[in-house]
Amino acid sequence: HAAVLLSAGKAREAEAELPQLSRLADDRSRRLAGALRKIITLTKGESIAAAPAPVTATEWLVESYRLQALSHLPEALAAARSSVNLATNFAFGWERVAELEFSFGRIRAASEALERCQALAPRNAQALALEGFILSAQNKIMAAGQAFDQAIELDSALANGWLGRGLTLIRRGQVLEGRHDIETAALVEPQRSFLRSYLGKAFAVSKDGKRALHELELAKTLDPLDPTPWLYSALILREENRINEAVTSLEKSIDLNNNRHVYRSEFLLDQDRAVRSSSLANIYRSAEMREVSVREAARAVTYDYGNFSAHQFLSESYNELRDPTRFNLRYETPWFNELLLANLLSPVGGTPLSQNISQQEYARLFERNRIGLTTDTSYRSDGRWTELASQYGRIGDTSWALDLDYERQHGIRPNNDLDRKEWYTTIKQQLTPQDSILLLSKYQAYHSGDNFQYYDPAQARPKFTYDETQTPIILGGYHREWSPGSHTLLLVGHLENEQKFGDQAVPLPILFRNAGGPVVSKGSINFDVGLHSEFDAYTAELQQIQQWTRQTLVVGARYQNGDFTTRSLITNPSVSIPGLFNNPPADITSKNDFERASGYGYYTVEPLDRLFLTAGVAYDYLRFPQNFRAPPITSGEDSRQRWSPKASIVWNPIPELALRGTYTRSLGGVTLDESYRLEPSQLAGFPQSFRSIMPESLVGSVAAPEFDTWSAALDVKLKTRTYLGVDANILESSVRQTIGVFDYNFTNILPSSTSQRL
């Protein structure tokens, strides 16, 4: 009778029955009475001191709740397991095991325990509601809705049933009906803060920001320590362009993150913290605080390397730093590397603000089937025209995006025009709850005059032309999530790039040599130069991400193989003496192989709260054409190999202060091959991989550069919304390459080559 009263929410009446139970003679009855007394104490929010070791299955079950109240989730799960080990036919015990396994994100283990429960008690409403959430985590929305229907039919006062059904209805596009169900959940249990949070989110989906914020304020009052309403408030405030308030709300959510220890494992709390930090990075970016955005997004990746939204926000932050003319390529590799990781790791329909589903994190269900279009066009008085357009959508287990990036400009000096078209097609297909595939293709058509960056504009080249096409690049990816924090990624693809450039009156080196002997002097003669290069290669990379509490291991290997076909034509020398030059002076075609093999490993540990230490090593072997860029070109191949140690530290001793530092060595690529990789391209927010560090305006394009970087930063966030950053960076790039020259042996001038070190 006391248990029935308690299940009906009448804790005081149930407690009144306990004295009679305590007078019972048999030990089992007294133990059951003691267990019931503990449950009543826990429902009041009062703590319970440790008692003698439980004996009965019911006592172990109650001990599980006591340990959870103390935020000891692993011990709580062990206690629940002890309960069912003592009584294998204890249905409530199996439901409890399933519930706790789900709090660790272990869907398979939760499903197995739930099957045992339902075989013993098929009419357990809470078990059916839990089944609905597990099916939702597996993206089986119709089956989840049926489970929630059954739970409500058995117990119409079960808030979890109404909440779950409301979320599945929203997921299926029935926003109004879903919101009504969530309102019912909040009416059934009006004092549960997180129900108010999700009702607020439901109002936000219905575009009712005023009522959404009202419900979220009520949630904050009901549980001032819950970070969820602060997170959702921040997202709504950002949509309303109330940036300062959004920043304050999200920073508060991050401060409260660990208060959810009672529901979430420490590993999943790290994921939550990464989601909140990456959301904050997006708000900083909206406020044009690009550097602050990069720092926050980088910390999010450090907190949880397997979190797709952290990678997506970091990619977007690096995108803000890219050169729109694409002549300066410093940030191309970290931008595209983070974009690939985000696309591979994300679930179908995932958004930058979605979260992994668990019993407390249902936000992904608010993302519903839809088809959308967005476009942004700008035109300036100097003739610059940009167009960004996307057609995107999600239907069931398939999502896609078609993205156009177009830019046209006349420039600010002679021959400074630009016409650039980039078209990306991305398709994501969910095969099973753990498996997904990705198809990405890129088409590019690029035509430009001289867009190099000069200190003195008078150095510009009025006859320079450059064309680049990719028709197309195709990538395929596979993602397997074995368990929370265990990801296998596979990337394969075909890389294709065609480049043409031409210029007139270009000074090329002339080396004066004794007959067959050393160089005695040097000079230059002007020529008209043309070069046409085609790159065709295949890439494959396999990576394993393994995360444990306070530890992350990333290991992988990459192999690329292909060839370059290049022709350089040099004509019209400024010195016209019959017989001095060949006719034309140089017309050379070469085809050379390209090959790269890389292996790497990165290990991150958190020995103290908010102190992340990373150590890594990579090995690279690179074989590439000896000279395919500096006319007159040269046939033949060169090779490089390098062992590259890596180290970084991120320390956030207090919320207002963060210290970051890195040391890395690396071996760059030959062309765009460097950007198509899964290996981490940044540590602690500092890029370690570049297409180039040396300005191409000074040295032209280079191949196989060796990089050494030292970086340190102090980031300060004051309570007054003041952000301070001090960065110190030393970037070293060393290049050993072959360049084309002409040799003059005092008889004639012939194409040749020489070594160059930069």
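Ranked by the mean number of other Cβ atoms within 10 Å of their residues, highest first, the peptides 597-608, 630-641 come out as 630-641, 597-608.
With r as the distance between the Cβ atoms of N369 and A287 and R0 = 41 Å, compute the FRET efficiency 1/(1 + (r/R0)^6) and round to 0.05. Efficiency for this residue pair is about 0.80. Here each label is just a point 7 Å from Cα along the line to Cβ, and for T722 and H532 those points are 6.2 nm apart. Each peptide in 571-584, 735-748, 711-724 was scored by the mean count of other Cβ atoms within 10 Å over its residues; highest first, the order is 735-748, 711-724, 571-584. Run the accessible area of segment 390-455 with a 1.4 Å probe and give the carbon-and-sulfur part as a rounded percent. Accessible surface attributable to carbon and sulfur in segment 390-455 totals 62 percent. In a reduced charge model with +1 at each Lys and Arg Cβ and -1 at each Asp and Glu Cβ, the chain shows a dipole moment near 1020 debye about its Cα centre. Rounded to the nearest 0.05, the FRET efficiency derived from the C-beta distance between L402 and V55 at R0 = 60 Å is 0.40. For N745 and K591, the FRET efficiency from 1/(1 + (r/R0)^6), where r spans their Cβ atoms and R0 equals 41 Å, is about 0.90. The sum of -39500 (n - 2.57) across all DSSP H runs of n ≥ 4, divided by the residue count of the chain, sets its helix-only mean residue ellipticity at 222 nm to -11000 deg cm²/dmol. To the nearest ten degrees, helix 27-43 and the longest principal axis of the Cα atoms of the chain are 50 degrees apart. Modelled spin labels at Q391 and S378, positioned 7 Å past Cα toward Cβ, are 2.5 nm from each other. For segment 391-430, a crude dipole built from +1 on the beta carbon of Lys and Arg and -1 on the beta carbon of Asp and Glu, taken about the Cα centre, is about 20 debye to the nearest 20.
Between Y619 and A505, the contour length at 0.36 nm per residue exceeds the Cα-Cα span by 36.8 nm.
When peptides 285-293, 134-142, 411-419 are ranked by their average number of other Cβ atoms within 10 Å per residue, the highest-first order is 134-142, 285-293, 411-419.
For the chain, the relative contact order is 7 percent, taking Cα pairs closer than 8 Å that sit 6 or more residues apart in sequence and dividing their mean separation by the residue count.
Here the gap between H410 and L580, fully extended at 0.36 nm per residue and compared with their Cα-Cα distance, gives a gain of 57.1 nm. Accessible surface calculations at 1.4 Å, restricted to protein heavy atoms, place segment 127-195 at 37 Å² per residue.
Given the pairs K38/K719; K201/K646; K500/K522; K140/K252; K522/K591, which are separated by over 32 angstrom at their Cα positions? Violating the 32 Å limit, Cα to Cα: K38/K719; K201/K646; K140/K252.
For segment 681-758, the dipole from Cβ point charges (+1 on Lys and Arg, -1 on Asp and Glu) about the Cα centre works out to 360 debye, to the nearest 20. Note that segment 562-706 presents 37 Å² accessible area per residue, ligands and nucleic acids not counted, probe 1.4 Å. The label-point distance for F512 and D419, in a model that sets each label 7 Å from Cα toward Cβ, rounds to 4.6 nm. For the chain, the longest principal axis of the C-alpha atoms and the axis of helix 125-137 are separated by about 0°. Taking each residue as 0.36 nm, the span from T471 to R610 lengthens on full extension beyond its C-alpha to C-alpha distance by 45.5 nm. Here the accessible area is traced with a 1.4 Å probe on the protein chains. For segment 607-687, carbon and sulfur cover 63 percent of it. Computed from Cα positions, the angle between helix 290-303 and the longest principal axis of the chain comes to roughly 60 degrees. What is the percent carbon and sulfur in the accessible area of segment 72-125, measuring with a 1.4 Å probe over the protein chains and ignoring ligands? Solvent-exposed carbon and sulfur of segment 72-125 make up 53 percent of the total.
The values are calculated or read from the model by the stated rules, or taken from the named source; none is laboratory data. Fair warning: this is a prediction, and the values are worked out from it, not measured in the lab. Positions of Cβ are generated from backbone atoms using ideal geometry, with glycine treated the same way; all protein chains shown enter the neighbour counts. The protein model used for the area step is the full one, side chains on, heavy atoms only, and it has no ligands, DNA or RNA in it. Shrake-Rupley method; radii C 1.70, N 1.55, O 1.52, S 1.80 Å.
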